[in-house]
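Engineer: Supplied in structure tokens, the structure appears directly below.
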Amino acid sequence: MKLSPVIFDRSAPDLAACPDESLPEFAFIGRSNVGKSSLLNTLAGIRRLARVSPTPGFTKLINFFTVGKQWRLVDLPGYGYAEGSRKHVSQFNRAAANYLKRRPNLCCIFLLIDSGLEPQPIDLEFVQWLASHARPFVMVFTKTDRGTPKAVAANIAAFQARIAGWFEPLPEIFQCSAATGQGRTELLAVIGKIVDAGPAADEPAPVSAPPPEVEPPFRMQVRARREAEKTPLDKKKLKAARPW
Ligand SMILES: Nc1nc2c(ncn2[C@@H]2O[C@H](COP(=O)(O)OP(=O)(O)O)[C@@H](O)[C@H]2O)c(=O)[nH]1
Ligand SMILES: [Mg+2]
């Protein structure tokens, strides 16, 4: 799988403004500040490709980067950030939700979760939402360089335990750090498997064609909606500015 060139395609405010659907796409979603842009830069091997910001809620648009003319990395606005005009924020979150629900060439979603935190209700609810829409995703626990391996493992185990009843089998889990590069090879392998199963790079599908037939990295047996009803989350703790 070719990793260069990496070319910024565009920033889209909504689904209609996204590029054509001819290339497989891999999207990064998660709470604001979880490390989406940093991880995207790590995978692409370019330090300042997607803007990294210590300020939550920085990415407001859907940013597309084409890699090796074969596939795209997609940096999405984070969820769980309500500062600024409420209307403004929810508009962009709706764009991310529409993208995740409707984009036919979206092959795999990387759901980023902070490895330094115990399971957060907003992340658990987002997993439910993805599962109920039967979207293929893997979970990526970020910033592993910040905690001890023991603390990271405990947080991951606790998260797994909370969602265990919703899937059979569980979505794949990865540990990553933009600081050390941990997980880069593994995530590129997920992408490579899907891209390599698609059409050859010199035979791009026409714009209007359906997305390439690709195998998701795992088969998701969704029991989420029913199971979620049995184990409702504490809605009171969930803040506004969620796209789902
Ligand atoms: N130590 C450490 N910091 C990180 C890592 N990934 C991101 N950060 C920091 O976390 C902040 C938010 O990162 P960013 O990629 O902009 O998050 P986004 O809002 O999800 O796109 C920035 O200050 C980054 O430098 C990581 O793996 N390790
Ligand atoms: Mg970002």
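Every number in this text was worked out from the coordinates using simple rules, so none of it is lab data. Source: prediction; values computed, not measured. For neighbour counting, all protein chains shown are included, and Cβ atoms are generated from backbone atoms with ideal geometry for every residue, glycine included.
Engineer: Tell me, Leu187, Leu76, Leu117 in order of fewest to most beta-carbon neighbours within 10 Å?
Structural biologist: Result, fewest neighbours first: Leu117, Leu187, Leu76.
Engineer: May I pose another question? Which entries in the list Lys2/Lys193; Lys60/Lys193; Lys36/Lys143; Lys36/Lys60; Lys2/Lys60; Lys60/Lys101 go over 22 Å, if you measure between the two C-alpha atoms of each?
Structural biologist: Table pairs above 22 Å Cα-Cα are Lys60/Lys193; Lys2/Lys60.
Engineer: Run the quick spin-label model on Ile7 and Glu168: label points 7 Å from Cα toward the beta carbon, then report their separation in nm to one decimal.
Structural biologist: Simple spin-label model gives 4.7 nm for this pair.
Engineer: Here's another thing I want to ask about it. By counting other Cβ atoms within 10 Å of each Cβ, how are Met139, Met1 ranked from fewest to most?
Structural biologist: Arranged by neighbour count, lowest to highest, Met139, Met1 become Met1, Met139.
Engineer: Arrange Glu172, Glu25, Glu125, Glu118 by Cβ neighbour counts within 10 Å, fewest through most, would you?
Structural biologist: Glu118, Glu172, Glu125, Glu25
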